[in-house]
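What follows is a single structure, written as structure tokens, with notes after it.
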Amino acid sequence: MSTTWTTRPETPEDAAAIRGINLAAFPSAEEADLVDALRADPDAWIDGLSLVSRAPDGTPAGHALLTRCHIDGRPVLALAPCAVLPAHQRQGAGTAAICAALDAARAKGEGLVVVLGHPDYYPRFGFVPASRFGIRAPFDVPDEALMALVLDASHGVPSGVIRYATAFGI
């Protein structure tokens, strides 16, 4: 049986559920705390770019977050964190949330998204190694794990070191 996931932007009422998703999906509270800190940062947070996927009963099951970062002084987006409740993993909840977030970013006219993640997972969304664009992380990371996705080529693709939002602690 296939699950049909619906997605929607986060609402204020979703904050506790999103925290719970991140606490359940990761071994520590680090990602849940990061989401809370990003939500509180007006320089990082962009309304409409925190997406939840919901199970058929309406329960939030997955979450994907895009926030502002910069490369060479130019605004781009960072995809992080992404999380799914363990009971719903590998069923499409994460894919649905990520696709909805990327669609929302395109609709807002954003040009580029970077992600640090599993090189076997994110290429399905169109991400390629960020090094192809001369984009680097501000810390050592395997080349294949730092990826970028051009949403709108008319913006041009900046190169240089990513400057993440303060909440990332980098």
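Points to keep in mind about this one:
- Some residue of the range 100-123 being in contact (Cβ under 8 Å) with a residue 60 or more places away in the chain and assigned to a strand (DSSP E or B): no
- Matching residues, the range 67-122, being hydroxyl-bearing (Ser, Thr, Tyr), under 21 Å from Ser159 (Cβ atoms) and touching a Ser or Thr at 6+ places or on another chain (Cβ under 9 Å): Thr67
- Close contacts from the range 126-140, counting a first residue that is in contact (Cβ under 8 Å) with a residue 12 or more places away in the chain and a second that is exposed (fewer than 13 other Cβ atoms within 10 Å of the Cβ) and part of a loop (DSSP other than H, G, I, E, B), with Cβ to Cβ under 8 Å and a gap of 6+ residues or different chains, come to Pro138/Ile170; Phe139/Ile170.
- Tally, over the range 1-48, of residues that are among the β-branched types (Val, Ile, Thr) and touching a strand residue (DSSP E or B) at 6+ places or on another chain (Cβ under 8 Å): 6
- Residue within the range 24-31 that is closer than 27 Å to Leu112 by Cα, open to solvent by less than 40 Å² (accessible area, probe 1.4 Å) and not aromatic (Phe, Trp, Tyr) present: yes
- Whichever residue in the range 121-138 is hydrophobic (A, V, I, L, M, F, W, C) and open to solvent by less than 30 Å² (accessible area, probe 1.4 Å) and, among such residues, is farthest from Gly160 (Cα to Cα): Phe125
- Contact annotation: residue pairs with Cβ atoms under 6 Å, 6 or more positions apart or on different chains, pairing a residue in the range 36-64 that is assigned to a loop (DSSP other than H, G, I, E, B) with a partner that is surrounded by 14 or more Cβ atoms within 10 Å (Cβ to Cβ) and hydroxyl-bearing (Ser, Thr, Tyr), are Ala44/Thr67.
- Some residue of the range 104-111 being under 17 Å from Thr4 (Cα atoms) and in contact with a strand residue (DSSP E or B) (Cβ under 6 Å, 6 or more places away or on another chain): no
- If only residues of the range 141-170 that are of a type outside the set (A, V, I, L, M, F, W, C) and under 27 Å from Asp36 (Cβ atoms) are counted, the one that is surrounded by the fewest Cβ atoms within 10 Å (Cβ to Cβ) is Gly169.
- The set of residues in the range 127-151 that are under 17 Å from the mean Cα position of the chain (by Cα) and in a loop (DSSP other than H, G, I, E, B) comprises Phe127, Ala137, Leu151.
The values are calculated or read from the model by the stated rules, or taken from the named source; none is laboratory data. Keep in mind it's a predicted model, so treat the numbers as computed, not measured. Positions of Cβ are generated from backbone atoms using ideal geometry, with glycine treated the same way; all protein chains shown enter the neighbour counts. Protein only, heavy atoms only, side chains kept; ligands, DNA and RNA dropped before computing areas. Shrake-Rupley method; radii C 1.70, N 1.55, O 1.52, S 1.80 Å.
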